[in-house]
Each structure stands twice: as C-alpha cells, then as structure tokens.
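The values are calculated or read from the model by the stated rules, or taken from the named source; none is laboratory data. All figures in this text were calculated on a predicted structure; none of them were measured in a lab. Cβ atoms come from the backbone with ideal geometry, glycine included; neighbour counts cover every protein chain shown. Please note that ligands, DNA and RNA were not included when accessible areas were found on the heavy atoms of the full protein model with its side chains. Shrake-Rupley method; radii C 1.70, N 1.55, O 1.52, S 1.80 Å.
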Amino acid sequence: MKNIHRIIVAALVCATSVASAQTVEGTSYYLPKTALRLTLLVEKTSYQPGEFAGYAQRYMKKNDVQLEPSTTYRLINTKIATFALPDTAKRYTLTLDKRYSISEVARTDNGILLAINAEGKSVELPAKFVAAPKPKPLNPKDYMNEDILTAGSTAKMAQLIAQEIYDIRDSRNQLQRGQAEFMPKDGQQLQIMMNGLDTQERALRQVFEGVTVRDTTELTLEFVPTEPVERQLIFRFSRHFGLVDADDLSGTPYYISIAADAPAKSDEEKPNAKKDKDDIGLNVNIPVKATATLYDGNAPIQKFDFQAPQFGTTENLSGALFGKKQTSKIVLNPITGGLESIKEIAIEK
C-alpha cells in the first residue's frame, strides 16, 4: 500500500509540474466600438420687463413692450463626433511568452488595445465651448438727473425719463450735423461723445423696454449604435424649457438614423479556413462605413459619416509577426480598433 501511495503522489507532482510548465502568461484587452457624441449649442434668452414698462406706449409710443418676464430657448447648432468604448463582446487575451518578441502592449485606461511594441495614438478631445464675455449691465439710475430721482410719482418719473431720452437724441443729432453749442475738436473726441450719449440712452430705455440677457451653453448627449436604425428618437427640445426628457411631449422630437455598409467575410466565416498555429489572440477590427442622419421632426438637418467596427468583422494577426530575429510594431486606430500601421523591425543581438 505504501508503494502505491508513493506512486500516486509522484504522479500528482509530475502532473502539476507539467501543468506549470505549460502555463502561458497573457494580458487581456478589448477592441473598441464606436460611439457618437452629440453636442448641442443652446441659447437661453431671459427677458425682464422694465420698471416703467406700463408707460412705454404713453411716453415712448411703443406698443410691443412685454409686461411679463419670459425665458425662451433656441437650438443654435448641433455637432456629431466619435469616441471609443470597450466592446465587451470583443474581449481577448494576448499570449505573452518567450516564443514571441512582444515587449510592450499599449492599452487605454479602460482596456482598449492601442499598439504592440509601439506607443499608442492619443485621441484629441474636442475643444470646450467658451461663451463670449457679456458686457457689464447698465444701471439706469446711474444716468438719471436729480429731477428724475426726486420726482413725486412713478408717472412723473417716467415722463421725465422719456424727456431725457428725447433730449439725448436731440443732442446726438446736433453733433452729427455740426450744430452743437460745444463741438468736439477732432473725430476721436466726437466718437467718444457719441458713444457716451448712446450708452446713456440705452440705459434709460431699459426702464421702458426691459432687459434681455442671452446665455449660450453647450450640452452633450451620447449615443452608441448597436444596429442600423431608422428615425430613432434621441432627444426632445422645447422653446420654453430647453432640452427635455424623451417622453416629454412639450418638446419637438429629434431623431437619428444609422445606416451601415455590409461587412466583408472574416477569416472564420470563410470555408476551409485553417487555424493559425501561431494564434496568440491578437485581433483587430475591420470597420465598415456608417452614416448617422439627425432629423428635426421630419427634416434632416445633419449627416455624419464614420467608421463603425461594431457593424464590421475582426481579423486575427499571426504571432509569426513577432519572431526571434524579426518582430513588428503595430498601431491600431484608437477609435475603430482597425489596423493603422504595421512595421517590421530587425532584432539586434
């Protein structure tokens, strides 16, 4: 019995040693799928009625002045760009052992393969939108004289402000005609005086016409195409509320369609395809051309062509590319995972 026990133990040790010798190191990676980043440029317009808006018709002969505050939104522009996400259906393990000259594997932080024996290409992020600086708001009271500020009633105050506006316009006309009592000495001084009168009038008109403020912001939506689609709802936009939920019927619907070319057959799909004895688990995408079309209701407003690996196939690259005497530098497209460059290099000993 003791001899049998020794034989069994010896056999187990031997089997363990063989299994250990056959263990191959590797690194896991993903190939990417292409996602769409939709950027919306939205203008928000806020209106605040003037303090004396109710007197605009009487003293300024304006019939179109709003008496209530309002906020509206306008979609100025849309842009579509691509970015990469790991395709969980394309997770592979790259064999790394002494038979193959692979010294470097470049991946993104989320595991997308970028390059072998080379530095991966970086993706330039789109520049962030920066709104133009807004002018400093004017305070009408800074441009009112003592008679206006000490008027006994709002009606009298509104009347005096209107008279001041008409006086400013008269002064500007006299300057333009060269009939002012105190004419400037040169064109630069004239321009300074005209700008001052314009600013004063604009500030005083605010008490009747109100103040309109416009702010432009950039909003971003992401869409991952998984199959060709025809007019799929992507967002809604309301004049009164801006970007709203897809099920909020107060907004106008915007749709997206995705069309893609038919993929070529991969090696695995070809009849009588032989398995590569040097298969090290290195795969690359073969993307196909796709087109995204954005619709405002029924009207197409933008078309965008891109390469979509999720609609294409994959190709296996042989480990023979990484021999002992000659190896290769391989760089993949960081968005599509397609083969961008392959360069053979001799190994110096």
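Is it the case that some residue within the range 185-208 is assigned to a loop (DSSP other than H, G, I, E, B) and touching a residue at least 12 places away in the same chain (Cβ under 8 Å)? Before the answer, list the steps.
Step one: filter the range 185-208 for residues assigned to a loop (DSSP other than H, G, I, E, B), giving 185-186.
Add one more test, that the residue is touching a residue at least 12 places away in the same chain (Cβ under 8 Å), and what stays is none.
No, the conditions are met nowhere in the range 185-208.
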On the given criteria, is D276 surrounded by 11 or more Cβ atoms within 10 Å (Cβ to Cβ), under 30 Å from L38 (Cβ atoms) and at pLDDT below 95?
no
Tell me whether the range 40-61 contains one or more residues that are at pLDDT below 95, farther than 23 Å from F235 by Cα, among the polar types (S, T, N, Q) and surrounded by fewer than 15 Cβ atoms within 10 Å (Cβ to Cβ).
yes
Tally up the residues in the range 121-152 that are of a type in the set (A, V, I, L, M, F, W, C) and assigned to a helix (DSSP H, G or I), please.
2
Within the set of pairs 6+ apart or on separate chains, which have a first residue in the range 55-81 that is of a type in the set (D, E), a second that is assigned to a helix (DSSP H, G or I), and C-beta atoms under 9 Å apart?
D64/A56
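Scan the range 81-104 residue by residue and report those that are open to solvent by less than 70 Å² (accessible area, probe 1.4 Å) and within 17 Å of P309 (Cβ to Cβ).
A81, T82, F83, A84, L85, P86, D87, K90, Y92, listed by residue number.
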Does the range 293-307 contain any residue that is closer than 26 Å to V105 by Cβ, open to solvent by less than 40 Å² (accessible area, probe 1.4 Å) and either assigned to a strand (DSSP E or B) or at pLDDT 90 or above (or both)?
no
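When you look at R107, is it farther than 30 Å from A346 by Cβ, modelled with pLDDT of 90 or more and open to solvent by 70 Å² or more (accessible area, probe 1.4 Å), yes or no? Spell out the reasoning first.
On the way: farther than 30 Å from A346 by Cβ: no; modelled with pLDDT of 90 or more: yes; open to solvent by 70 Å² or more (accessible area, probe 1.4 Å): yes.
Criteria not met by R107.
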Return a yes/no flag: does the range 238-249 have any residue that is touching a residue at least 12 places away in the same chain (Cβ under 8 Å) and within 15 Å of T39 (Cα to Cα).
yes
Select from the range 180-190 the residues that are of a type in the set (D, E, K, R) and farther than 26 Å from M144 by Cβ and write down the one among them that is least open to solvent (accessible area, probe 1.4 Å).
D186
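Looking at the range 141-158, can you tell me whether even one residue there is surrounded by fewer than 17 Cβ atoms within 10 Å (Cβ to Cβ), closer than 25 Å to Q188 by Cα and out of contact with any Ser or Thr (no Cβ under 7 Å at 6 or more places or on another chain)?
Residues of the range 141-158 that are surrounded by fewer than 17 Cβ atoms within 10 Å (Cβ to Cβ), as a first pass: 141-142, 145-147, 149-156.
Subset that is closer than 25 Å to Q188 by Cα: 142.
Within this subset, residues satisfying the condition of being out of contact with any Ser or Thr (no Cβ under 7 Å at 6 or more places or on another chain) are 142.
Checked the range 141-158: at least one residue is surrounded by fewer than 17 Cβ atoms within 10 Å (Cβ to Cβ), closer than 25 Å to Q188 by Cα and out of contact with any Ser or Thr (no Cβ under 7 Å at 6 or more places or on another chain).
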Can you pull out every residue in the range 67-94 that is more than 22 Å from Q302 (Cβ to Cβ) and either in contact with a helix residue (DSSP H, G or I) (Cβ under 7 Å, 6 or more places away or on another chain) or among the small types (G, A, S) (or both)?
L67, S70, A89
Could you tell me how many of the residues in the range 164-179 are within 20 Å of A151 (Cα to Cα) and of a type outside the set (D, E, K, R)?
3
